[in-house]
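So the structure is just underneath, and the comments pick up after that.
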Amino acid sequence: MIFLRSLLFLLVKAILTVPFSLMTLMTFPLPAMARYRVIAKWSWVVTWLARVIVGIRYRVEGLENLPAGPAVILAKHQSAWETIVFQQIFPPLSFVLKKSLLFIPFFGWGLALFSPIAINRTAGREALKQIEVQGGKRLKSGFWVLIFPEGTRMPPGEMGRFQIGGAWLAVKAGVPVVPVAHNAGRLWPKNGFRKYPGEIVVRIGPPISTTGRKAAQVLAESENWITDAMLDL
């Protein structure tokens with residue numbers, strides 16, 4: 001049954017993604033924030049499909065911790081689920097992602113209009129500079145910036161090495177960091193075809209101030225909070 005439900009979910013999502021991606025091209029003349037709100041409707045559809053077809057629900061803890069203004073979100077990365085549903089949980093987001101994703105037919109075209117921060121991860125300090133410059137522009141225009149500091153999806157129970165880009169951006173831009181943990185990988189595994197019914201818990205931590213602090217200090221505090229939260233989840 002899980003196999004059949006997962007297959008149906010995949011087929012319906014694929015069928016809907018192609019025409020929706022073509023429709024998003026029509027949003028090109030709109031301002032960035034207006035484009036985001038239109039394109040983000042896709043995430044609502046996919047989340048609804050996941051709930052109705054597969055039985056995946058989610059619960060959010062700590063919404064009261066969100067600051068009033070834009071911030072940098074440093075989040076645990078386990079699956080594709082969070083890249084979809086975070087669009088509903090948080091204010092308008094600008095994702096830090098690999099530039100190569102923008103060249104994927106249909107999907108990448110929609111991403112390109114989503115005001116992402118597209119970087120070449122192999123570029124070293126140049127990639128850090130791209131995050132600082134592009135991220136600063138996004139924050140000033142009202143977007144929050146979402147960064148997965150591990151850089152790749154990690155299976156449940158595993159933690160990757162946290163990279164400094166998100167904390168660096170937050171310190172340079174003078175905005176707080178919001179740490180986020182979740183257990184989506186249990187139900188929506190990395191590269192897994194099968195999706196499992198159940199409830200995903202997203203936990204939002206208290207904002208971490210960057211005022212007068214170094215990026216390494218902010219990153220360490222964020223990593224400690226996420227690591228402790230993941231042990232609890």
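The values are calculated or read from the model by the stated rules, or taken from the named source; none is laboratory data. Just so we're clear, the structure is a prediction, and the values are computed from it rather than from any experiment. Virtual Cβ from ideal backbone geometry, glycine too; neighbours counted across all protein chains shown.
In this entry, residue 203 passes the filter for residues that are within 16 Å of the chain's Cα centre (by Cα) and crowded, with 17+ Cβ neighbours inside 10 Å. Residues in the range 128-155 that are of a type in the set (Val, Ile, Thr) and out of contact with any strand residue (DSSP E or B) (no Cβ under 8 Å at 6 or more places or on another chain): 133, 152. When residue 184 is tested against (1) touching a residue at least 60 places away in the same chain (Cβ under 8 Å); (2) over 26 Å from residue 125 (Cα atoms); (3) over 15 Å from the mean Cα position of the chain (by Cα), just one condition goes unmet, and that condition is (3). Residue check: is residue 60 in a strand (DSSP E or B), surrounded by 15 or more Cβ atoms within 10 Å (Cβ to Cβ) and out of contact with any Asp or Glu (no Cβ under 6 Å at 6 or more places or on another chain)? Judged against the criteria, residue 60 is a match. Of (1) over 20 Å from residue 191 (Cβ atoms); (2) at pLDDT 95 or above; (3) touching a helix residue (DSSP H, G or I) at 6+ places or on another chain (Cβ under 6 Å); (4) buried (at least 20 other Cβ atoms within 10 Å of the Cβ), residue 71 satisfies all except one. Which? Among (1) over 20 Å from residue 191 (Cβ atoms); (2) at pLDDT 95 or above; (3) touching a helix residue (DSSP H, G or I) at 6+ places or on another chain (Cβ under 6 Å); (4) buried (at least 20 other Cβ atoms within 10 Å of the Cβ), residue 71 violates only (3). Only one residue in 49, 30 is aliphatic (A, V, I, L, M) and not in a helix (DSSP H, G or I). Which one? Just a single option satisfies the conditions, and that option is 30.
Only one of the listed residues (194, 125) is more than 26 Å from residue 31 (Cα to Cα) and free of Cβ contacts under 8 Å to residues at least 24 places away in the same chain. That residue is 125. When we screen 90, 114 for residues that are closer than 21 Å to residue 176 by Cβ, in contact (Cβ under 8 Å) with a residue 40 or more places away in the chain, among the hydrophobic types (A, V, I, L, M, F, W, C) and surrounded by 15 or more Cβ atoms within 10 Å (Cβ to Cβ), the only hit is 90.
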